[in-house]
Protein chains: 2
Amino acid sequence: MLLAPHLRERSMQFLTAPLSWLCTVLLLPIPATQSPPSLAAQVPERGKLEVLAKEALENPRAYAMLAELCAVAPKRLSGSKGAAAAVQWGQKTMLSLGLENVRLEPCMVPHWERGTLESLVLVSASGAAPERLSVCSLGGSPPTPADGIEAEIVMVKSFEELEGLGERARGKAVFFNRPMDPVRPSLFQAYGGAVDQRSRGSAAAAKAGALCAIVRSMTLALDDHPHTGAMRYEKDACVPTVAISTLGAERLATLLSRGETPRVKLDLDCRWYEDAPSFNVVGEILGHEKPEEIVLVGGHLDAWDLSVGAHDDGAGCVQALEVMRLIKTLGWKPRRTLRVILWMNEENGLRGATGYRDTHREKIDRHVFALESDRGGFAPRGFESNSTGADLARLAAIGEQLRPYGIQYVSHSTGVGADVGPLHELGVPCAGFIPESARYFDVHHSALDTLESVHPRELQLGALCMAYLCFSVAEFAEPLGRVTPAPATQH
Amino acid sequence: MLLAPHLRERSMQFLTAPLSWLCTVLLLPIPATQSPPSLAAQVPERGKLEVLAKEALENPRAYAMLAELCAVAPKRLSGSKGAAAAVQWGQKTMLSLGLENVRLEPCMVPHWERGTLESLVLVSASGAAPERLSVCSLGGSPPTPADGIEAEIVMVKSFEELEGLGERARGKAVFFNRPMDPVRPSLFQAYGGAVDQRSRGSAAAAKAGALCAIVRSMTLALDDHPHTGAMRYEKDACVPTVAISTLGAERLATLLSRGETPRVKLDLDCRWYEDAPSFNVVGEILGHEKPEEIVLVGGHLDAWDLSVGAHDDGAGCVQALEVMRLIKTLGWKPRRTLRVILWMNEENGLRGATGYRDTHREKIDRHVFALESDRGGFAPRGFESNSTGADLARLAAIGEQLRPYGIQYVSHSTGVGADVGPLHELGVPCAGFIPESARYFDVHHSALDTLESVHPRELQLGALCMAYLCFSVAEFAEPLGRVTPAPATQH
């Protein structure tokens with residue numbers, strides 16, 4: 001909504017005074033030449049946030065939408081029936097919200113299925129009873145031969161250690177057992193420091209001549225739930241690979257520490273299928289002044305198949321939908337078009353995101369902002385943005401207003417999210433919503449990512465913060481500047 | 001630990017540069033005359049926090065202590081056997097941590113017990129089957145007569161509304177049904193805006209001539225768990241009073257909205273006993289330079305009797321103990337004495353806190369700081385302090401260092417916590433640890449305040465932040481100034 005002249009002036013007074021600390025509060029390197037008036041149009045007039053918060057917190061809808069998604073499409077890995085059901089749900093939900101230009105944008109997606117057999121059993125030469133450990137196939141793993149694989153365990157904590165084993169890894173089951181580092185303040189960082197074992201372990205084990213690989217689950221929780229996730233698959237260059245629960249990993253490590261030489265029997269019947277047709281789901285609230293300019297907000301609709309994918313990324317999907325519902329319900333008309341997108345195939349291919357980029361390549365410069373929520377539905381902490389300088393300061397000024405709702409920083413990052421990554425490659429200003437991380441990896445990619453693990457208010461606070469950010473950016477008098485394109489990555 | 005001269009200089013360089021934003025980041029009105037050198041001694045030398053964080057996050061002990069407390073003394077309302085067991089546990093734990101001057105400081109506490117009968121049944125004149133609703137006695141409620149109370153429900157949302165009823169409240173069951181306001185960003189505020197119904201509802205109902213009172217539970221969660229809590233009890237000036245679950249409250253409200261006139265039968269056998277002897281539990285790490293000066297840290301050991309009191313306030317107790325363990329384990333010798341206190345009777349009398357004040361009144365000026373944790377064991381958000389100006393800035397500078405662990409602000413408040421309140425009345429600088437609030441009132445004072453509702457890492461991050469704050473304050477070259485005494489409150 002345009003600022004009425006009298007409001008605009010008041011708004012400027014409000015904003016210019018605290019400008020110096022608006023910038024510094026959020027630890028931003030704002031150039032001294034930043035002139036106060038340029039921030040005048042950076043936030044909607046005062047009172048707008050209060051109205052939005054009242055609707056968001058009195059009549060929250062994100063959790064109810066999430067419950068519906070989890071019930072309608074609990075298992076929605078790309079190519080599955082669940083994914084198809086989720087697409088239908090997304091379209092129907094957007095129509096029910098009264099969005100415009102609701103459509104399915106096609107993309108072809110990889111199709112891998114877990115099958116029905118995933119078993120890892122400790123076998124003993126000494127006649128002790130076989131002992132089954134909790135594992136799940138990593139997404140993309142090839143199956144074992146029909147009669148399984150039997151091999152002795154060899155444990156490593158790094159690829160260097162594996163290489164150092166040389167021929168001693170040949171014919172073995174390589175057990176990657178480097179835990180996430182609990183000393184890292186953010187568990188997203190801790191995850192980033194350990195997940196190479198999951199993504200590259202299979203190929204590294206294959207290269208070393210091993211028969212299979214076992215990867216410690218990416219969580220600090222000590223329990224018996226294995227956590228799946230994508231591994232890089234190349235035909236004939238990977239071995240059958242599973243994630244093992246952290247308790248299972250501790251069990252193996254204990255046996256090895258006692259000098260035993262545990263052997264395991266692994267049976268997996270997961271497999272790859274032909275690529276399958278699927279869709280991103282898209283809807284809009286048209287801008288009243290610059291309808292051709294797009295503020296994009298989204299989460300990814302696909303999810304791992306061990307759970308209903310409530311946090312990852314049902315939460316992001318319903319938060320993006322709730323952004324639209326809130327603005328629609330309030331009857332707000334943004335200056336630019338708000339577009340919601342439910343991406344397909346973030347988990348194992350990113351074909352929805354790359355497909356969107358390719359489909360819209362000629363109009364990519366009309367994308368003035370893209371916000372992603374894909375770190376769980378926990379209490380808000382901040383936003384990451386690929387913008388810098390004065391543009392980052394403009395976002396930070398919005399973040400500052402959201403401080404009572406939990407937003408404590410807006411920081412720069414060159415990697416704000418997987419699904420907006422392809423847009424970042426083309427210079428689109430992108431941002432990621434960052435919630436509290438302590439509980440996320442307890443449930444991430446496991447059977448524990450249930451509806452019950454999401455807290456309705458935490459989820460809704462995130463949606464509220466996202467809605468205010470998106471609406472504010474859609475209202476900017478001058479759009480954010482293009483960003484330095486990220487290097488193209490392999491998808 | 002004293003700063004070595006070369007470190008002191010480096011530390012000053014580090015601190016003086018960002019001084020302006022250290023102050024503003026945390027929204028503090030720092031006087032322009034604040035001179036940078038005065039902040040030199042405000043934080044331990046660089047690297048200290050990293051060492052503390054490594055021990056805290058690699059070898060966390062807070063959750064294990066909490067599990068033990070919940071197992072040993074699950075129900076520990078003042079005067080109960082559970083409270084006595086908790087005192088013994090606290091003393092034993094402090095001794096096992098190698099603390100000095102471990103002792104029990106006696107206080108007399110109120111003794112109220114829930115009994116075994118608490119029943120609220122909807123009775124129907126029309127012959128419909130009786131319907132039992134989930135209620136629990138409020139702490140301090142008198143019992144009903146042996147044959148119970150039967151009365152018609154009259155619903156109000158405020159004391160003004162009750163007064164307006166005049167004689168129409170006489171002989172009735174007054175149902176206080178004003179929910180917590182979900183629009184308040186912090187649920188601590190929302191709680192503060194509704195809890196008068198619980199604390200004063202019974203007396204107000206008695207004054208209006210009602211027979212009993214029913215108070216909607218203090219939570220936004222819609223479920224069937226009633227939440228207890230203290231009510232102000234005066235003999236012959238209160239009526240039997242229960243909290244009703246939010247679903248039960250909705251049930252009553254629905255009946256009333258249909259024009260029905262629901263009647264209830266209430267039976268309670270809770271009762272008051274003579275005051276009982278109990279204790280605060282205290283232990284120390286003696287200061288090496290100013291052992292007579294005290295930095296106090298604590299939580300309260302008593303808890304409501306519907307659960308194990310994991311968040312309220314087992315969490316605060318074990319965080320305070322973990323502060324001591326961390327510093328002891330690292331072999332750090334603070335300049336001043338660190339004293340841990342597990343307060344008794346926060347929930348229904350505050351006798352531990354007022355007793356401590358009275359016992360130590362002559363040495364109260366030697367208390368240079370008192371930190372309380374009593375808002376649950378969730379992820380850290382900030383600290384509140386009763387200091388102002390430059391002293392608040394010194395605390396904020398420490399808080400700024402804790403930003404990676406979740407501390408986002410250090411703000412001024414004149415009411416930082418119940419147990420430090422009596423010290424505040426005597427001018428002691430006090431602070432409260434503030435965690436994320438979204439989930440707290442789901443469990444607060446109900447059967448849901450279980451060990452499982454506490455997240456080990458969130459709990460430990462709080463202990464880490466508290467430990468760094470306490471150690472830093474114990475190291476100050478100049479202690480914090482005395483604060484304006486809070487007005488004495490009735491305890």
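The values are calculated or read from the model by the stated rules, or taken from the named source; none is laboratory data. Just so we're clear, the structure is a prediction, and the values are computed from it rather than from any experiment. With ideal geometry, Cβ positions are generated from the backbone for all residues, glycine too; neighbour counts draw on all protein chains shown. Keep in mind that these areas ignore ligands, DNA and RNA; they rest on the heavy atoms of the full protein, side chains included. Shrake-Rupley method; radii C 1.70, N 1.55, O 1.52, S 1.80 Å.
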- Task: Would you tally the residues in region B:114-163 being part of a helix (DSSP H, G or I) and either loosely packed, with under 13 Cβ neighbours inside 10 Å or not aromatic (Phe, Trp, Tyr) (or both)?
- Result: 4
- Message: Could you check region B:215-246 and list, in sequence order, the residues that are hydroxyl-bearing (Ser, Thr, Tyr), in contact with a strand residue (DSSP E or B) (Cβ under 9 Å, 6 or more places away or on another chain) and in a loop (DSSP other than H, G, I, E, B)?
- Response: B:SER217, B:THR228, B:TYR233, B:SER245
- Within region A:368-409, the residues that are within 14 Å of chain B (Cβ to nearest Cβ) and of a type in the set (Ser, Thr, Tyr) are A:TYR405, A:TYR409
- Task: Filter region A:268-327 for residues that are assigned to a strand (DSSP E or B) and either under 23 Å from A:HIS225 (Cα atoms) or out of contact with any strand residue (DSSP E or B) (no Cβ under 9 Å at 6 or more places or on another chain) (or both) and give the result.
- Result: A:LEU268, A:ARG271
- Query: Looking at (1) more than 18 Å from B:LEU350 (Cα to Cα); (2) touching a residue at least 60 places away in the same chain (Cβ under 8 Å), can you tell me which one B:PRO110 breaks?
  - Reply: (1)
- Query: Just checking, how many residues over region B:347-404 are assigned to a helix (DSSP H, G or I) and either of a type outside the set (S, T, N, Q) or not assigned by TED's automatic domain parsing to the domain that holds B:LEU57 (or both)?
  - Reply: 27
- Which members of region B:69-93 meet the condition of being charged (D, E, K, R) and touching a helix residue (DSSP H, G or I) at 6+ places or on another chain (Cβ under 6 Å)? B:LYS75, B:ARG76
- Message: When you check B:GLY201 against the structure, is it modelled with pLDDT of 95 or more, assigned to a helix (DSSP H, G or I) and crowded, with 16+ Cβ neighbours inside 10 Å, yes or no?
- Response: yes
- Give A:VAL156, A:VAL174, A:VAL183, A:VAL135 a once-over and let me know the one that is more than 14 Å from chain B (Cβ to nearest Cβ) and out of contact with any Gly (no Cβ under 8 Å at 6 or more places or on another chain). A:VAL156
- Task: Looking only at region B:89-96, decide whether some residue is among the hydroxyl-bearing types (Ser, Thr, Tyr), out of contact with any Cys (no Cβ under 8 Å at 6 or more places or on another chain) and part of a helix (DSSP H, G or I).
- Result: yes
- Task: Go through region B:270-301 and give me each residue that's farther than 25 Å from B:GLU100 by Cβ and open to solvent by less than 60 Å² (accessible area, probe 1.4 Å).
- Result: B:CYS270, B:ALA276
- Task: Go through region A:441-457 and give me each residue that's within 11 Å of another protein chain (Cβ to nearest Cβ), open to solvent by 10 Å² or more (accessible area, probe 1.4 Å) and not basic (Lys, Arg).
- Result: A:ASP442, A:HIS455, A:PRO456
- Among the residues of region B:470-489, is any under 18 Å from B:SER373 (Cα atoms), among the aromatic types (Phe, Trp, Tyr), over 19 Å from the mean Cα position of the chain (by Cα) and within 14 Å of another protein chain (Cβ to nearest Cβ)? no
- Restrict the check to region B:176-186 and report whether at least one residue is outside any loop (DSSP other than H, G, I, E, B) and either touching a residue at least 60 places away in the same chain (Cβ under 8 Å) or surrounded by fewer than 18 Cβ atoms within 10 Å (Cβ to Cβ) (or both). no
- Message: Considering only region B:415-438, I want to know if a residue exists there that is part of a helix (DSSP H, G or I), within 14 Å of chain A (Cβ to nearest Cβ) and surrounded by fewer than 24 Cβ atoms within 10 Å (Cβ to Cβ).
- Response: no
- Of the residues in region B:366-380, those that are more than 21 Å from B:HIS445 (Cβ to Cβ) and out of contact with any Leu (no Cβ under 8 Å at 6 or more places or on another chain) come to B:ARG366
- Task: Could you check, for region B:482-489, whether at least one of its residues is open to solvent by less than 10 Å² (accessible area, probe 1.4 Å) and either acidic (Asp, Glu) or in contact with a helix residue (DSSP H, G or I) (Cβ under 9 Å, 6 or more places away or on another chain) (or both)?
- Result: no
- Quick check: is even one residue across region A:325-340 under 17 Å from the mean Cα position of the chain (by Cα), of a type in the set (Ser, Thr, Tyr) and in the same structural domain as A:LEU301 (by TED's automatic domain parsing)? no
